[in-house]
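Every number in this text was worked out from the coordinates using simple rules, so none of it is lab data. The shown structure was predicted, so the numbers you read here are calculated from the model rather than taken from an experiment. All Cβ positions, even for glycine, are placed from backbone atoms using ideal geometry, and neighbour counts span all protein chains on display.
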Amino acid sequence: MIFTILEHILTHISFSIISIVIMIYLMTFFVHESVGLPDSSEKGMIATFLSITGLLVSRWISSGHFPLSNLYESLIFLSCSLSIIHTIYKMGNHKNYLNTITASSTIFTQGFATSGLLTEMHQSVILVPALQSQWLMMHVSMMLLSYAALLCGSLFSVALLVITFRKNINIFCNGKVKNFLIKKFIFGKINYWNEKRSAYKNTSFLSFRNYYKYQLTQRLDYLSYRVISLGFTFLTIGILCGAVWANEAWGSYWSWDPKETWAFITWIIFAIYLHTRTSTNQSLQSTNSALVASMGFLIIWICYFGINLLGIGLHSYGSFTLTSKILNN
Amino acid sequence: MSSLLLNPHKALFTASSSFPLRSDVNAQILVASRRAATRIVDCRPRASRDSFEAEALPETNAKKKNANRKIILFGSSPPPLSEDRSGAAGNGRGKPGSEASSWGFFQKALKRALAVLSNLPLAIAEMFTIAALMALGTVIDQGEAPDYYFQKYPEENPMFGFFTWRWVLNLGFDHMFTSPVFLGLLILLACSLMACTYTTQIPLVKVARRWSFKHSAEAIRRQDFADSLPKASVKDLGIILMGAGYEGMAGRFAPIGVHISMLLIMVGGTLSAAGSFHGSVTVPQGLNFVVGDTMNPNGFLSFPTQSFDTEVHVNRFYMDYYDSGEVSQFYSDLSLFSLDGKELMRKTIRVNDPLRFRGITIYQTDWGFSALQITKNGEGPFNLAMAPLQMNGEKKLFGTFLPTGDADSPNVKGISMLARDLQSIVLYDQEGKFAGVRRPSSKLPIDIDGTRIVIEDAIGSTGLDLKTDPGVPIVYAGFGALMLTTCISYFSHSQIWALQDGTTVVIGGKTNRAKLEFRDEVNGLLDEVPELVSIDQNLNG
């Protein structure tokens with residue numbers, strides 16, 4: 001009993017802390033001169049991470065099995081992984097102007113999980129015989145970690161595309177980036193594409209604003225590449241673990257199940273991303289790969305959520321019926 | 001001669017002992033060398049550096065070999081720098097031209113094919129198409145009768161204006177993952193993989209030839225990031241780089257490894273699809289069957305083996321339940337006998353824990369309710385066969401019927417018994433009203449309409465799947481290799497080329513990272529490389 005209460009408390013704590021953190025970040029967007037707040041937001045993120053982890057651990061203890069057996073638990077795990085990525089990124093001494101993406105992703109997944117749409121799944125359930133295996137831990141956790149990393153990476157790429165292709169860019173600063181980019185700047189009648197090309201080639205001739213834009217896009221490009229390669233590694237391991245588990249359980253390591261197929265499609269899309277980065281045409285390289293990564297963002301959501309909505313196939317454990325709940329209300 | 005050649009280097013670089021970062025350093029070196037060229041007549045000017053290198057190489061080459069250096073340099077002029085110069089093309093030119101023209105024609109055609117197939121945009125387009133077809137395969141329902149497609153994609157009202165059932169059936173989209181279009185694309189991708197591996201990556205393995213890729217210091221300087229360390233040695237640099245996590249050759253091998261493991265998986269998958277056997281059987285507890293009777297071949301490479309002559313006894317089938325009544329696990333106690341009656345193996349299998357015997361694997365996949373054993377008014381026991389009843393949802397329901405009147409009359413009345421699992425039986429009387437619940441283990445009697453029923457036993461039947469799959473070892477090997485090589489290629493994503501050029505180490509780097517951070521990191525590393533003060537012993541030895 002105590003674990004259920006603990007779980008309840010931790011859910012609420014994590015949700016509240018992360019809402020506060022998001023508020024802080026939004027405020028630092030609009031009000032540039034905020035000194036003390038970024039520090040507290042960092043502590044807030046760490047507190048969120050700890051409370052989500054505590055939530056998962058208490059669920060593990062109370063139900064007796066690893067907390068990854070239905071959609072609710074997988075969403076909690078996903079938000080935990082996103083906060084892990086945020087924390088690791090923080091510790092790596094990198095300039096931290098991209099934590100808005102990771103933090104807001106965490107809150108969205110956590111919020112959706114704890115929202116009223118999925119209350120019927122909040123109870124811990126018993127495992128059906130097919131899920132009683134050691135492979136459960138390995139396969140599902142790898143897949144969720146990979147989803148988290150790939151989502152972050154593709155969001156960075158989307159940000160890169162937005163920054164590259166907007167004419168009148170109002171780039172809002174975030175805390176420590178203030179010394180990098182200053183206020184809004186407006187481009188005149190210059191053709192942006194040519195400007196970008198020339199910008200990449202002659203760094204020393206760049207104007208002040210172009211140079212900073214270039215720096216930012218390079219940074220985003222690099223980060224997106226790193227995070228996506230990490231996610232790709234996890235995704236490979238997760239898919240292959242799933243195949244081996246399927247062979248142990250049902251005798252067939254690949255049966256073109258919708259979820260398996262979409263995971264494979266995700267894998268292919270990110271393999272294309274990694275291959276487009278080897279092209280030698282420098283000016284197009286980062287935009288091409290960012291386009292592919294943005295496509296990957298959509299595909300991950302289809303793979304993770306869309307298939308569960310259909311509720312068919314071997315992966316029906318994650319299914320839920322959204323519409324019935326809304327209709328009943 | 002050698003000292004003359006190398007002296008200018010010494011003279012040049014004593015001046016600059018710091019490790020500068022930008023291109024102005026190269027300018028400095030160039031300037032200095034031009035001065036040196038005017039001083040010493042034998043040296044060529046920097047402009048024709050390639051031939052300069054060619055002169056210097058034989059001596060340094062010999063020294064390299066003595067000093068057991070990693071880098072082997074060639075006396076000939078360096079090949080062009082393009083990385084996708086195929087080793088096959090390079091080798092092909094060396095072949096004697098005195099062969100028959102048909103063989104030569106075949107060779108040329110092969111080279112052309114390789115060049116076309118190892119084109120990266122083609123491979124990317126193939127991958128995209130395969131992904132799109134797979135997505136289509138999940139959207140279109142697979143394996144239905146043609147009527148279904150006539151109704152779903154009618155010609156009168158085509159989806160998106162053009163997509164009718166003709167598209168689906170003619171292109172094989174109703175069995176997408178075995179259709180010729182899909183398989184053809186997979187084969188094309190496999191060919192591209194093989195061509196790419198052969199032409200661009202295997203040549204890297206031939207260390208002797210391929211290190212000359214960048215052996216020219218000029219070539220190295222033309223890299224994205226280049227620097228020179230006067231008075232240093234490659235060995236120290238190598239040690240420091242290793243310490244910093246630069247994997248050296250692993251960075252080059254890992255992509256090859258990834259592609260080879262994917263090819264391995266494809267080969268294994270083809271073997272599985274073509275040469276495996278599969279069978280599914282539901283066996284009541286206490287009965288047995290012969291393996292070979294249940295198996296169906298999957299493809300044209302399926303050959304039955306000796307182990308198909310084994311007999312399987314189902315000794316016992318039972319289930320475990322949670323406290324809430326849900327099923328927790330299925331167990332089947334199986335014994336394998338040879339045809340002459342000798343027991344070969346005995347194991348209790350459950351879901352996720354199959355039985356493996358000489359290439360055959362038996363999985364617990366399903367269960368059924370075979371018969372209910374009851375005594376009626378003390379007579380019996382009778383075995384009443386349980387029939388599966390259709391219901392919405394996943395839960396199974398079995399039922400049977402015990403007639404209490406004349407069994408042949410059309411309106412026969414009797415006692416109905418329903419069960420969801422082997423644990424509890426629900427009984428209904430002649431009017432269909434609920435009469436009671438009994439568990440087989442309790443042996444408690446129940447009186448219904450004057451008849452005393454005792455449920456003796458619930459006999460379940462186990463659903464087993466049998467498989468042989470010759471491709472599994474290959475596929476597992478491919479899986480393991482793929483996991484390993486993907487991890488390795490994640491960790492080594494930058495390359496650093498270093499050349500010992502006299503007393504100088506010329507370093508060039510290429511990376512997928514942002515230039516700034518790579519530059520900073522490499523500069524930090526280079527700062528740690530010790531400066532060698534007395535080089536003369538190495539060079540004159």
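Any chance you could run the full-extension gain for B:Leu171 through B:Ile446? It's 0.36 nm times the residue separation minus the Cα-Cα distance, nm to one decimal.
Net length gain for the segment: 92.8 nm.
Go ahead and run the numbers for FRET between B:Ala387 and A:Gln215, Cβ-Cβ distance against an R0 of 56 Å, rounding to 0.05. Working shown, then result.
Values: r = 73 Å, r/R0 = 1.31.
Efficiency at R0 = 56 Å is approximately 0.15.
Grab the Cα-Cα distance for A:Met27 and A:Thr4, subtract it from 0.36 nm times how many residues apart they are, and report the gain in nm with one decimal.
4.8 nm
Tell me the chymotrypsin sites (Phe, Trp or Tyr not before Pro) within segment B:309-373 that lie in a loop according to DSSP and have at most 12 other beta-carbon atoms within 10 Å.
The qualifying sites are B:Tyr322.
Using the number of other C-beta atoms within 10 angstrom as an exposure proxy, rank B:His175, A:His86 with the fewest first.
Fewest-to-most ranking of B:His175, A:His86: B:His175, A:His86.
Provide the gained length on full extension for the span B:Lys396 to B:Leu183, in nm with one decimal, where the gain is 0.36 nm per separating residue minus the Cα-Cα distance.
Here the segment from B:Lys396 to B:Leu183 would lengthen by 72.9 nm.
Just want the ordering: B:Met386, A:Met1, B:Met319, from fewest to most Cβ atoms lying within 10 Å of their own Cβ.
The order, fewest Cβ neighbours first, is A:Met1, B:Met319, B:Met386.
Got a sec? How would B:Val426, A:Val21, B:Val281 order by Cβ neighbour count within 10 Å, fewest to most? Please list the in-between numbers first.
Details: B:Val426 15, A:Val21 25, B:Val281 19.
By the 10 Å Cβ count, ascending, the order reads B:Val426, B:Val281, A:Val21.
Rounded to the nearest 0.05, what FRET efficiency do A:Trp301 and B:Asn315 give with R0 = 51 Å and r taken as the Cβ-Cβ distance? Could you check? Intermediate results must be reported in sequence, preceding the final value.
Values: r = 49 Å, r/R0 = 0.95.
E(calc), rounded to 0.05, equals 0.55.
Applying 1/(1 + (r/R0)^6) with R0 = 25 Å to the Cβ-Cβ distance of B:Asn296 and B:Arg350, what FRET efficiency is obtained, to the nearest 0.05?
0.50
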